[in-house]
Each structure stands twice: as structure tokens, then as C-alpha cells.
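Trainee: If you scroll down you'll find the structure; I have some questions about it.
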Amino acid sequence: MIQRVQTIYLALVFILIAIMSFLPVVVFNSGDVVFYMNIFRFEGVNSLDFVGDLPNIWALPIAASLLAIISAFSIFKFKNRKQQMTLNMIAMLMNFILLAGIFYYSDMVAKMDAVTSAAKYDVAAFFPIVTVLLLILANRNIRKDEKLVRESERLR
């Protein structure tokens, strides 16, 4: 059945990652210019002279896209609970890769000479932590369903 609690958790994971794609993740200052990093690129760097020195953040959109795809695909694997839990574990791994990438690239930019202040993490930078918690809750409810099915089969 698709109308289970873990479906809501997995849908929230998908929605949070989709929202995260449009919000700034990390904000930097370079003199009077404020620029930020989102999942896909750096915004507001057109007037800066060190644009060519910024790192290529190609790993972030790949990890975010895979995370969203896996969580959406996991919703429809409700008939195979073991496979659904495996997909959720892979989504958690992608989540940690996304979180590590965000902190790695923001630290790399913050260490540049032209950046005048430390990186300020926006609300979207903490979405991967929330999605890990949602995936843990989804796996817990999948295990409850599996236990319930096993107990009902044993009673037959």
C-alpha cells in the first residue's frame, strides 16, 4: 500500500531536496560584494575578478539529483520492503556525500584570499541533516510493517 507513513517521509525528502536546489546554501563576502553558492553554481560573482578561481561544484548537483531520484523511486517500491530499505540506505549515503560536498566546497572558497569573511551557512545547508532523519524514520516504519506482515503470516 502506498498510503503509509514512510511514503510521507520519503515524499518530504524529495520535496526538501527540490527546495534546496533553489535556495542559497552558503553565503560569502568579498569586500562589498555578497555572493552565494547554491547546489548548481555560484550566484552574484559576475562583478568579481576571481571568478575563474572558484571551484567547479559538479558533485553537488549529481548527489542532490541522485538523492531525489532514489527517494522518489523508493516510494513506489512499497511491495518489496527489503529493497525499499536498501534504497533508503543508499539515499542516506548520497545525503552524507551531499553534506560533505557542501562543507568541502564552502571551506575551499572561504580559504581564498579574496573572500573577506567566513562562510555563513544558510537554512538550506541543513536540509540534508533533516532528510537523514526522515530516511531513518522511514526505515523504522518499514521495519514495523515487515514485522507486522511476518506476525500475520505466522498466525495463519
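The values are calculated or read from the model by the stated rules, or taken from the named source; none is laboratory data. Remember, it's a predicted structure, so these values are computed and weren't measured experimentally. Cβ placement follows ideal geometry from the backbone for every residue including glycine, while neighbour counts extend to all protein chains displayed.
Trainee: Determine whether S65 is of a type in the set (S, T, Y), outside any strand (DSSP E or B) and free of Cβ contacts under 8 Å to residues at least 40 places away in the same chain.
Mentor: Taking the combined requirement at face value, the residue satisfies it.
Trainee: Among the residues that make up segment 52-60, is at least one of them part of a helix (DSSP H, G or I), within 19 Å of L23 (Cα to Cα), aliphatic (A, V, I, L, M) and touching a helix residue (DSSP H, G or I) at 6+ places or on another chain (Cβ under 9 Å)? Outline the logic, then answer.
Mentor: Keep residues of segment 52-60 that are part of a helix (DSSP H, G or I), which gives 52-53, 59-60.
Among the residues that remain, those that are also within 19 Å of L23 (Cα to Cα) are: 59-60.
When the remaining residues are screened for being aliphatic (A, V, I, L, M), the result is 59-60.
Those left that are additionally touching a helix residue (DSSP H, G or I) at 6+ places or on another chain (Cβ under 9 Å): 59-60.
Scanning segment 52-60, I find at least one residue that is part of a helix (DSSP H, G or I), within 19 Å of L23 (Cα to Cα), aliphatic (A, V, I, L, M) and touching a helix residue (DSSP H, G or I) at 6+ places or on another chain (Cβ under 9 Å), so the answer is yes.
Trainee: Further question on the same structure: Could you tell me whether M85 is within 15 Å of the chain's Cα centre (by Cα), under 26 Å from K144 (Cβ atoms) and free of Cβ contacts under 8 Å to residues at least 60 places away in the same chain?
Mentor: Judged against the criteria, M85 is not a match.
Trainee: Same structure, new question: Any idea which residue in segment 85-139 is farthest from A68 (Cα to Cα), counting only those that are surrounded by fewer than 17 Cβ atoms within 10 Å (Cβ to Cβ) and among the small types (G, A, S)?
Mentor: Top of the filtered list is A114.
Trainee: If you don't mind, there's one more thing I want to ask. Across segment 91-145, what is the total count of residues that are of a type in the set (V, I, T) and assigned to a loop (DSSP other than H, G, I, E, B)?
Mentor: Of the residues in that region, 2 qualify.
Trainee: Against the definition (modelled with pLDDT under 85, small (G, A, S) and more than 21 Å from V123 (Cβ to Cβ)), how does G44 come out, yes or no? Steps first, answer last, please.
Mentor: Working: modelled with pLDDT under 85: yes; small (G, A, S): yes; more than 21 Å from V123 (Cβ to Cβ): no.
Spelling it out, it is not the case that G44 is modelled with pLDDT under 85, small (G, A, S) and more than 21 Å from V123 (Cβ to Cβ).
Trainee: Same structure, new question: Does M37 count as closer than 15 Å to A119 by Cβ and in contact (Cβ under 8 Å) with a residue 60 or more places away in the chain?
Mentor: yes
Trainee: In this structure, does A72 turn out to be over 18 Å from F22 (Cα atoms), buried (at least 20 other Cβ atoms within 10 Å of the Cβ) and not β-branched (V, I, T)?
Mentor: no
Trainee: Is it true that some residue in segment 34-55 is under 17 Å from L134 (Cβ atoms), of a type in the set (A, V, I, L, M, F, W, C) and either touching a strand residue (DSSP E or B) at 6+ places or on another chain (Cβ under 9 Å) or crowded, with 18+ Cβ neighbours inside 10 Å (or both)?
Mentor: no
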